[in-house]
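The values are calculated or read from the model by the stated rules, or taken from the named source; none is laboratory data. This is a predicted model, so every value here is computed, not measured. Positions of Cβ are backbone-derived with ideal geometry, glycine not excepted, and every protein chain shown enters the neighbour counts. Keep in mind that these areas ignore ligands, DNA and RNA; they rest on the heavy atoms of the full protein, side chains included. Shrake-Rupley method; radii C 1.70, N 1.55, O 1.52, S 1.80 Å.
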Amino acid sequence: MSDTPQPSITTRSLNLWYAKFQALIDVSADIKHGLITSLIGPSGCGKTTLLRCFNRVNERYGYVTTTGEIKLLGKNIYDPDVSLVELRKTVGMVFQRPNPLPISVYENVVFGLRIHHERSQLTRAMLDEAVEKALTEVGLWDDLKDRLNARATSLQLEQQQKLCIARLLPLKPEIILMDEPCSALDVEGTRGIEELMFALKGRYTLVVVTHNMSQARRASDECIFMLLGRIIEHSRTEDLFLTPKHPKTAEYIEGRYG
Amino acid sequence: MSDGTNQRFTETPLVRRKQREERFAQWLFFAMSAAMIVPLLLIVGYLVQRAWPSLSLGFIIDVPVRGMKEGGIWPAFIGTIYLVVLSLAVSAPIGILAAVYLNEYARDNWFNRLINLAVINLAGVPSIVHALFGLGAFVYAARFGYSILSASLTLAIMTLPVIIASTREALASVPRSFREACWNVGATRWQTIKAVVLPNSISGILTGVILQVSRAAGETAPIMFTGAVFFKAVQKGDLFPYNFNEQCMALSMHLYTLSTQVPGVKESIPFATAVVLLGLVLAVNAAAITLRVWLRNRKKW
Ligand SMILES: Nc1ncnc2c1ncn2[C@@H]1O[C@H](COP(=O)(O)OP(=O)(O)OP(=O)(O)O)[C@@H](O)[C@H]1O
Ligand SMILES: [Mg+2]
């Protein structure tokens, strides 16, 4: 461990196999607390796989083997006393296609609370407050405060994606993982989500996979470039884009392949 | 980050309680699945044990002798095969094609909804009702008499709605996007069905059809009313003993006869007959599963 402020996510020689195919090779990274870190790289280089390691979703497939170490907030998440339930409560995930549950906006936001608390612990007032707080934080409150009982799946895509982010917030996550959160959205929607990312930064550690170079450039503090399962370069975004150290990085960000 | 970092993500009492619920739920679901298997194993085990003295290949290909008190079951065995093959030869093509029409072509109007409703309700009609219908329609009205033909057609009518329903389900499970991809290159509906829909649903369709084999082989009432007889003299091991306009013996009917109508049957013979009937059905199902696994492995999604 280095002597700089403790990073949110640390991986050490992380290897991951899908059956015989090695999708992550010796990945070691320190993702800093409270920053937006973008993961870039050509299709199939393992960005999604890496992201999904951080909340241990990959294990759902029986044929996945992982070696190495992943520490979140200083705790090795493969320790035997780690509870997946608590881990996933702390590490939220946003998917490529907005996936609100087919229930009302209100119920979507309080869904996590209901899962993680006894029924008797939750009062109507608490839930109302949580909904207002979460929706305000993602900038949906003014639009939706009169439509809290509308079906979440009937919203516009951008609103749905914001709602999916809002759904994470009542659980007070520390880390939010986003897998190409804007690829289903138009320019306006993308801008909306990026602004939201800036607003969330600081309180939350954000890791964002993106195929959009200009998005990585304008919306992230640090940038990780991956290629064929390895991390090639990890530095501050400006440095990576202005003075890439590795020739492959330069080629990729100039759009010569990928 | 105020709390001690190494206590992160550890179980809280609530988590532990939820975990207990989870284990209970899992256990309950498992127990229910086991509850399904246990009786099956008990039944099969009991049957095989009682049938053991009579079980042999000879039992299948021998004909009954001494007033069915001894001997084998060949006429009933081959009769059942006749009935099942003929009835499915009628109901499978009609059922599958009708299901393709209903799922791929039919618009959502009152007429098609009526057809759907009819299919669902027909699937629930008791077999004795099919038997009466077969008697009226095929034996008398169509003048096929008491015959393999009448019995098979009755069985076909009985299995048809279920085949339609299961085929539709298989077709509906093919993602819509596959069809859209096809339409977008200008394929007609029939080309789409041929190229994409059927290849990707064939395993489900076959499963539905094969499940009806066991039903057709097992039902007694419909064939008893329309074309099965107590006894028919047949050569040992003769593969083509019956004409379609004749009556035949069948395993289910034979079992009924042996256990209730003939006094003094050797004790193990009814059980052995039951085992053969069960074995036939299981063999067909096993073949279907093998075929399905093979087809599924070819499936690319
Ligand atoms: N469930 C899986 N089973 C087997 N192999 C997989 C699985 N998921 C991903 N892979 C393989 O692992 C490699 C990395 O996949 P991953 O989805 O992490 O890439 P990615 O960088 O997210 O790509 P993209 O930019 O297209 O989303 C790919 O070669 C892929 O084929
Ligand atoms: Mg991906």
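Take the residues in region A:222-243 that are open to solvent by 40 Å² or more (accessible area, probe 1.4 Å) and more than 16 Å from ligand 1 (Cβ to nearest atom); name whichever of them is nearest to the other protein chains (Cβ to nearest Cβ).
This residue is A:Arg236.
Is at least one residue of region B:228-237 basic (Lys, Arg) and open to solvent by less than 60 Å² (accessible area, probe 1.4 Å)?
Checked against the condition, which is being basic (Lys, Arg) and open to solvent by less than 60 Å² (accessible area, probe 1.4 Å), region B:228-237 yields at least one hit.
Any residue that is on the phi > 0 side of the Ramachandran plot and either over 14 Å from the mean Cα position of the chain (by Cα) or open to solvent by less than 60 Å² (accessible area, probe 1.4 Å) (or both) - is there at least one of those in region A:182-196?
no
Say we look at region B:271-301 and pick out the residues that are over 18 Å from the mean Cα position of the chain (by Cα) and assigned to a helix (DSSP H, G or I); which of these is modelled with the lowest pLDDT?
Here is the first cut: in region B:271-301, the ones over 18 Å from the mean Cα position of the chain (by Cα) are B:271-273, B:294-301.
Those still in the list that are assigned to a helix (DSSP H, G or I) too: B:271-273, B:294-298.
Values: B:Phe271: 91, B:Ala272: 91, B:Thr273: 91, B:Trp294: 84, B:Leu295: 80, B:Arg296: 77, B:Asn297: 79, B:Arg298: 73.
For region B:271-301, the residue satisfying everything is B:Arg298.
So, in region A:215-253, of the ones that are within 21 Å of A:Pro7 (Cβ to Cβ) and assigned to a loop (DSSP other than H, G, I, E, B), which residue ends up nearest to ligand 2 (Cβ to nearest atom)? Give the steps one after another, and end with the answer.
As a first pass, look at region A:215-253 and keep what is within 21 Å of A:Pro7 (Cβ to Cβ): A:216, A:219-226, A:230-240, A:245.
Remaining after also requiring assigned to a loop (DSSP other than H, G, I, E, B): A:220-221, A:245.
Numbers: A:Ser220: 17, A:Asp221: 21, A:Lys245: 25 Å.
Only one residue fits best here, namely A:Ser220.
List every residue pair whose Cβ atoms sit under 7 Å apart, with the two residues 6 or more apart in sequence or on different chains, where the first one lies in region A:33-61 and is within 14 Å of chain B (Cβ to nearest Cβ) and the second, anywhere, is of a type in the set (Ser, Thr, Tyr) and more than 9 Å from ligand 2 (Cβ to nearest atom).
A:His33/A:Ser8; A:His33/A:Thr205; A:Gly34/A:Thr205
Go through region A:70-86 and report how many residues are more than 7 Å from chain B (Cβ to nearest Cβ) and either buried (at least 18 other Cβ atoms within 10 Å of the Cβ) or in contact with a helix residue (DSSP H, G or I) (Cβ under 8 Å, 6 or more places away or on another chain) (or both). Walk me through it before giving the result.
First, pick out the residues of region A:70-86 that are more than 7 Å from chain B (Cβ to nearest Cβ): A:70-72, A:76, A:78-80, A:84.
Those still in the list that are either buried (at least 18 other Cβ atoms within 10 Å of the Cβ) or in contact with a helix residue (DSSP H, G or I) (Cβ under 8 Å, 6 or more places away or on another chain) (or both) too: A:70-72.
Number satisfying all stated conditions: 3.
Considering each residue of region A:226-235, count those that are touching a helix residue (DSSP H, G or I) at 6+ places or on another chain (Cβ under 7 Å) and closer than 15 Å to A:Thr48 by Cβ, and give that number.
So in region A:226-235, the residues touching a helix residue (DSSP H, G or I) at 6+ places or on another chain (Cβ under 7 Å) come out as A:226-227, A:232-233.
With the extra rule that they be closer than 15 Å to A:Thr48 by Cβ, the set shrinks to A:226-227.
Residues in region A:226-235 being touching a helix residue (DSSP H, G or I) at 6+ places or on another chain (Cβ under 7 Å) and closer than 15 Å to A:Thr48 by Cβ: 2 in total.
Is it true that some residue in region B:171-188 is part of a helix (DSSP H, G or I), within 20 Å of B:Gly208 (Cα to Cα) and open to solvent by less than 70 Å² (accessible area, probe 1.4 Å)?
Yes: region B:171-188 contains one or more residues that are part of a helix (DSSP H, G or I), within 20 Å of B:Gly208 (Cα to Cα) and open to solvent by less than 70 Å² (accessible area, probe 1.4 Å).
Results for (1) farther than 30 Å from B:Thr220 by Cβ; (2) of a type outside the set (Ser, Thr, Tyr), shown as yes or no for each residue.
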residue	(1), (2)
B:Ala118	no, yes
B:Val139	no, yes
B:Phe144	no, yes
B:Thr154	no, no
B:Ile157	no, yes
B:Arg176	yes, yes
B:Trp183	yes, yes
B:Gly186	yes, yes
B:Trp190	yes, yes
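Considering region B:20-60 alone, what residues qualify as being touching a helix residue (DSSP H, G or I) at 6+ places or on another chain (Cβ under 8 Å) and open to solvent by less than 60 Å² (accessible area, probe 1.4 Å)?
Once the filter is applied, which keeps residues that are touching a helix residue (DSSP H, G or I) at 6+ places or on another chain (Cβ under 8 Å) and open to solvent by less than 60 Å² (accessible area, probe 1.4 Å), region B:20-60 yields B:Val44, B:Leu47, B:Val48, B:Ala51, B:Ser54, B:Leu55, B:Phe59, B:Ile60.
Please determine, by comparing only the residues of region A:8-22 that are surrounded by 21 or more Cβ atoms within 10 Å (Cβ to Cβ) and within 14 Å of chain B (Cβ to nearest Cβ), which one is nearest to ligand 1 (Cβ to nearest atom).
By that ranking, first place goes to A:Ile9.
Residue under question is B:Phe111, and the condition is that it be more than 21 Å from B:Val213 (Cα to Cα) and buried (at least 20 other Cβ atoms within 10 Å of the Cβ); does it hold?
Here the answer is no, as B:Phe111 does not meet what is asked.
Give me the residue from region A:197-214 that is part of a helix (DSSP H, G or I) and open to solvent by less than 10 Å² (accessible area, probe 1.4 Å) and, out of that set, nearest to ligand 2 (Cβ to nearest atom).
Restricting attention to region A:197-214, the residues satisfying the condition of being part of a helix (DSSP H, G or I) are A:197-200, A:213-214.
Subset that is open to solvent by less than 10 Å² (accessible area, probe 1.4 Å): A:197, A:200.
Working: A:Met197: 18, A:Leu200: 21 Å.
Within region A:197-214, the match that is nearest to ligand 2 (Cβ to nearest atom) is A:Met197.
For A:Pro170, only one of the following conditions fails: (1) within 17 Å of the chain's Cα centre (by Cα); (2) open to solvent by 10 Å² or more (accessible area, probe 1.4 Å); (3) away from ligand 1 (no atom under 16 Å from the Cβ); (4) closer than 30 Å to A:Glu254 by Cβ. What is its number?
In the conditions (1) within 17 Å of the chain's Cα centre (by Cα); (2) open to solvent by 10 Å² or more (accessible area, probe 1.4 Å); (3) away from ligand 1 (no atom under 16 Å from the Cβ); (4) closer than 30 Å to A:Glu254 by Cβ, A:Pro170 misses (4) alone.
Would you check if there is a residue in region B:134-155 being farther than 29 Å from B:Phe240 by Cα and open to solvent by 40 Å² or more (accessible area, probe 1.4 Å)?
Looking for residues that are farther than 29 Å from B:Phe240 by Cα and open to solvent by 40 Å² or more (accessible area, probe 1.4 Å), one finds none in region B:134-155, hence no.
Here is a check on your reading of the model: is B:Val15 surrounded by 14 or more Cβ atoms within 10 Å (Cβ to Cβ), within 14 Å of chain A (Cβ to nearest Cβ) and in contact with a helix residue (DSSP H, G or I) (Cβ under 7 Å, 6 or more places away or on another chain)?
yes
Pairs, please: C-beta under 6 Å, at least 6 apart or cross-chain, first residue within 11 Å of B:Ala250 (Cβ to Cβ) and in region B:225-236, second open to solvent by 90 Å² or more (accessible area, probe 1.4 Å)?
These pairs meet every condition: B:Gly227/B:Tyr146.
Identify the single condition in (1) crowded, with 22+ Cβ neighbours inside 10 Å; (2) within 16 Å of ligand 1 (Cβ to nearest atom) that A:Ile165 does not satisfy, given that it satisfies every other one.
Result: A:Ile165 fails condition (2) only.
Does B:Ile43 qualify as being assigned by TED's automatic domain parsing to the domain that holds B:Met224 and not small (Gly, Ala, Ser)?
Values: assigned by TED's automatic domain parsing to the domain that holds B:Met224: no; not small (Gly, Ala, Ser): yes.
Taking the combined requirement at face value, the residue does not satisfy it.
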